[in-house]
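K.L.:
Here's a structure for you.
Rule-based calculations on the coordinates, nothing more; no lab input. Just so it is clear, the structure is predicted and the values come from calculations on it, not from any experiment. Backbone-built Cβ (ideal geometry, glycine too); neighbour counts: all protein chains shown.
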Amino acid sequence: MAGSRFFPKSSTATNILSPTFPSQISSGDPVRASVAHLLVRAYTLPCSTAAQAFSQLVQPTARFQLALDALLPLLSSSVELAQRILVSFILYSMYAPYPISLNPFKSALYATFIKERGQATKVAAEGGFSDNEHLVWVLWKILKGDGNDIGPYSPSTLTRSPLIPELRASNLFLDGENFTESNAPEPDISAVSSQREGEGYTGRSQPFTAQTVEARITPEEDEKNERIAQGIKLLLASRDRVLTLTEQRILTPLIPNLTSPTMITSMDLPPIVSHNSNIAHQLFLALLTATSSNTQSQGPSVYLDVLKQLPPTLPSFDLLVRLLRDTSTVTDPTTGGRTTIADLVRMEVLGRFIHESIRWLDNAEREEREGLVSDDRFAKGVQNLCRFYSSLLRLSIVDADSDADSTEMVHFILRNSRFEEANALYRILAAGRF
């Protein structure tokens, strides 16, 4: 149902969620792992968008059991408030087309409401303000059947928004309780305003004290939320399989929306590179050029470190060449000035990447010698690394005359001169030196 809504400008929250759940994310079930990722990454998206993403990730026949096993325990756990709000809304949204009385999770939502309200009321009686006041208000809206009013707001916005006195936990009651309902008119959802924007609202029975906006979820916004939800599903799937061309065309334009704040962690990037180097290129562009406070707080170093540790495979080489030719501008983490992605990757990544690739291949050769592996990863790796370095020379990304650029590579190709690609590369380097 469409109610009166106030849309504060969303801002990026930092450190709002607890660490990811290792048991869930490392689960052998990819759907369960994807849902776990969603719960810890979607706190700055509108609740309705996160709920749509959940619906995209989980088949209808599996939603109830997964919600019972993975979501319900979080409702009364000690995880961060924003996550509990998100879980509450997802449990509500699964049965939103029906009256709240038909929602099988109503009893759990109600029990949590009573428990959290009691704790918040006790703190308020002592003159304090409980952190869970916002969760109590969200549960109150849901149990009243007005959960859709929360849809446009992100969990992080809801946790930071000030509550007027009428919406404090001690004033929130439900029909059927053994309490007397407050005689005050029901405050509108617009009373929850963005503290960051300095907006306020004193309830329906009082005049507005700041400019408010009457807004509804338009079909365009609904369609946008649906696209983002589909993008989340495809981005998480790109870690496990090669996306079709159609899926890549759907996901690529959505990547800026999914990286500010980012929906994935640095640990997700290597498998995406392995399966979908085209998508990985767009991801690294977005992550390195993003201007959101969340991304900038950890800086580009975490993503540059991922590039340094990639294995010497064709997808890795393809990604590095793309980045080394990319002239998009980015902030230099050392000087604070402007540079290009190509220069940043060449200065911060390339030398270490080649060093780690050589070490990886040395380990692969030792394992092959000891009979631990029976594939041709070492031979293929040497051939591909030599071809990659030849491409760098041809593109003038590295200088054959520079000892700093080529000394380690020269030693490597001399050790592996039995490969034709190594001999060809040595001839190029020797011609540049003599």
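K.L.:
Quick check: residue separation of Val410 and Arg359 times 0.36 nm, minus the Cα distance between them. What number comes out in nm?
P.N.:
Between Val410 and Arg359, full extension yields an extra 16.9 nm.
K.L.:
What per residue convex hull volume, in Å³, comes out for segment 257-364 when only alpha-carbon positions are used?
P.N.:
95 Å³
K.L.:
Sticking with this structure for a sec: Please work out the FRET efficiency for the pair Thr340 and Asp401, using the Cβ-Cβ distance as r and a Förster radius of 25 Å; give the result to the nearest 0.05.
P.N.:
The formula returns an efficiency of 0.60 here.
K.L.:
Roughly how many whole Å is it from the C-alpha centroid of segment 332-393 to that of segment 236-271?
P.N.:
Each part's Cα centre sits 24 Å from the other's.
K.L.:
Continuing with this model, one more query. Which three lengths, in whole Å and largest first, does segment 299-433 cover when its Cα atoms are put on their principal axes?
P.N.:
Between the extreme Cα coordinates on each principal axis of segment 299-433 lie 49, 35, 20 Å.
K.L.:
Could you work out how much longer the chain between Ala125 and Ser101 gets when fully extended? Use 0.36 nm per residue separation minus the Cα distance between them, nm to one decimal.
P.N.:
Extending this stretch completely gives an extra 5.5 nm.
K.L.:
Still on this structure, I have one more. Which of the listed residues, Ser402, Leu307, Phe378, is farthest toward the dipole's positive end in segment 272-410, when Lys, Arg count +1 and Asp, Glu count -1 at the beta-carbon?
P.N.:
Farthest along the dipole direction, towards plus: Leu307.
K.L.:
Pop out the Kirkwood hydrodynamic radius of segment 29-93 from its pairwise C-alpha distances, inverse of mean 1/r, in Å to one decimal.
P.N.:
After inverting the pairwise mean of 1/r, the radius is 11.6 Å.
K.L.:
Working out 0.36 nm times the residue gap between Arg394 and Ala62, then minus their Cα-Cα distance, what length gain in nm do you get to one decimal?
P.N.:
114.2 nm
K.L.:
Something else about it: For segment 299-433, give the magnitude of the charge dipole about the Cα centre (Cβ charges: +1 Lys/Arg, -1 Asp/Glu; no others), in debye to the nearest 20.
P.N.:
Charge dipole, segment 299-433, about its Cα centre: 220 debye, nearest 20.
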